[in-house]
Structures are given as structure tokens and as C-alpha cells.
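None of the figures in this text is laboratory data; all of them are computed from the coordinates on show. Computed from a predicted model, the values in this text were never measured in an experiment. Cβ: placed from backbone, ideal geometry, glycine included. Neighbour counts: every protein chain shown.
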Amino acid sequence: MKIQQLLPRVVLLALVLLCLPVFAQNVPEALRPPKGAQVALVVFEDFQCPQCGRVAPLLAQASRTYKIPLVQHDFPLPMHNWSFDAAVLARYFDTHSKEVGNAFRDSVFAHQLEINPQNLRGFAEKFAADHKIGLPFVVDPEGKLAGLVRADKELAMSLHLEHTPTIWVVSNKRTGKPYVEVTDTSQLYVLIDAMKKD
């Protein structure tokens, strides 16, 4: 092969190699693990999404099994009539402790089929009573909690998400691809193992 034919290929290869570390450095903060963690699970979820309800226990179990963080983001879809309010309630319980907030999320997913716009408040009141927490008549008087939910939704839109749940295994690797979307939850543990090995 003549040098004139080889030159474009060499240039292309050099460009690809130069760009690889840059791709890893330009990873959105949302697709990186929390500080101190090597690997984490990140999920964008909707409380009324049946598939979110099905995978929630699997994600929680994987987080415990691998001792890695599970970072949950709210992505309430417009066609669901109580998921946004449930997300605000979860944020309220987060103000007491992240453990209580996560317990509320787990409870909502476990009772998803029983909840509707009319009984969501009663469901939250029972949860609050069971955890010895007062639930004020107006949970979010200044709209700060709703703002957090909206910020998560805007983050989801900025990442061009189109479905719930959207799940990633993320790492703090600086080269290669530091995150991978989980499209088949039966492969979740395989993907975590692969990310931990790299």
C-alpha cells in the first residue's frame, strides 16, 4: 500500500485514539458514581411505571449484594396522574433521612397497583404513622421538593431519556466507556461484574 493511501487511515486512527480519553472526561455528572464509590447503579424511575415497580427490588438487592450505591432519580411521566405527587412525598421523607425516603419509595412500588390519586395521601399518612413521622397538611409549602423533582426530570430530558426505568451501571473510570445502560435486567449482575473488573 502506498503512503498516500495509508496516510488517511493513520490520521483517522490517531484522531480516534486522541478522542477516547476526552469522551470519558465529558461524561455527565449524573452518570458518575457518588464520591468515594468505584461503581454505582443509577436509575431514572416513575412511581406509576409497572416495570419500575418490578425492577426496584432487583436494583435494591444488587446494591446490597455488591455494596454499591443505588442513585435514584425521579422521572414522572406526564400520562401518570399521581407519580409526581408521590415523588414529592418521597422527597419529604428524604428530609427525615435517606433511609426513610428509600423505604417510602420501596413501599410505593410494592403497593403500586393499590394507589390512586384519591388514596395517595392516606397511603403516605399510614407510612408516616408507621415510622413515627408527622405528615403536615401541606407537605411542600414553598415548592422546594417539587423543584427537586422537576430538576431530576429536566436532567432526564437533558440526557435524552425516553423511557422508565432507565438504568445504568456507572463507574469512575477515566478511559473507555465509564457507564453502560442496562437494557436487560437479567444481565444486571454480569454488567456490574464487568464494570468492577475494568
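Please identify every one of the trypsin sites (Lys or Arg not before Pro) in the range 111-168 that sits in a loop by DSSP and has no more than 14 other beta carbons within 10 Å of its own beta carbon.
Details: sites: R121, K126, K132, K144, R150, K153; in loops: K132.
The qualifying sites are K132.
Sorted from fewest to most neighbouring beta carbons within 10 Å, what does the list I115, I133 look like?
I133, I115
Quick one: R32, R91, fewest Cβ neighbours within 10 Å first, how do they rank?
Final ranking by Cβ density, sparse to dense: R32, R91.
Working from Cα positions, state the angle (0 to 90°, nearest 10) between the long axis of helix 50-66 and the longest principal axis of the chain.
The two axes meet at around 70 degrees.
Using a Gaussian network for the chain with springs between C-alpha atoms less than 10 Å apart, which of these wobbles most: G53, G122, G101?
Result: G122 has the largest fluctuation of those listed.
Please identify the chymotrypsin sites (Phe, Trp or Tyr not before Pro) of the range 126-198 that satisfy two criteria: DSSP loop assignment and at most 16 other Cβ atoms within 10 Å. Which are they? Let's see the in-between values first.
On the way: sites: F127, F137, W168, Y179, Y189; in loops: F137.
Listed in order of number, the matching sites are F137.
Of T95, T65, how do they rank once you tally other Cβ atoms within 10 Å and put the fewest first?
T65, T95
Once the Cβ-Cβ distance between K197 and Q61 is put in as r, and R0 is 22 Å, what FRET efficiency do you end up with, to the nearest 0.05?
Efficiency at R0 = 22 Å is approximately 0.60.
Using the Cα gyration tensor of the chain, with a ≥ b ≥ c the square roots of its eigenvalues, what is the shape: rounded (a/c below 1.5), prolate (a/b larger than b/c) or oblate (neither)?
It is prolate, given that a/c is not under 1.5 and a/b is the larger ratio.
Can you tally the lysine pairs in the chain where the Cα-Cα distance is under 23 Å and the two residues are eight or more apart, or on different chains?
Qualifying lysine pairs in the chain: 21.
As a check on your grasp of the helix formula, calculate [θ] at 222 nm for the chain: sum -39500 (n - 2.57) over DSSP H runs of n ≥ 4, divide by the residue count, round to the nearest 500.
Value at 222 nm, helices only: -16500 deg cm²/dmol.
In the chain, what % of DSSP beta bridges are antiparallel (nearest 5)?
Numbers: 9 of 14 bridges.
Taking every DSSP beta bridge within the chain, about 65 percent pair in antiparallel fashion.
So between M79 and Q38, what do we pick up on full extension, going 0.36 nm a residue minus the alpha carbon distance?
This chain segment gains 11.2 nm when fully extended.
Using a 10 angstrom cutoff on alpha carbons, build the Gaussian network for the chain and name the most mobile of P178, P136, P50.
Of P178, P136, P50, the most mobile in the Gaussian network model is P136.
How high is the FRET efficiency between V190 and D130 when r is their beta carbon distance and R₀ equals 35 Å, given to the nearest 0.05?
For R0 = 35 Å, the calculated efficiency reads 0.40.
Just to confirm the number: angle between the C-alpha axis of helix 98-110 and the first principal axis of the chain, 0 to 90 degrees, nearest 10?
Helix 98-110 sits roughly 80 degrees off the main axis of the chain.
Can you give the angle from 0 to 90° between the axis of helix 144-158 and the longest principal axis of the chain, with both taken from C-alpha atoms, to the nearest 10?
Value to nearest ten degrees: 30.
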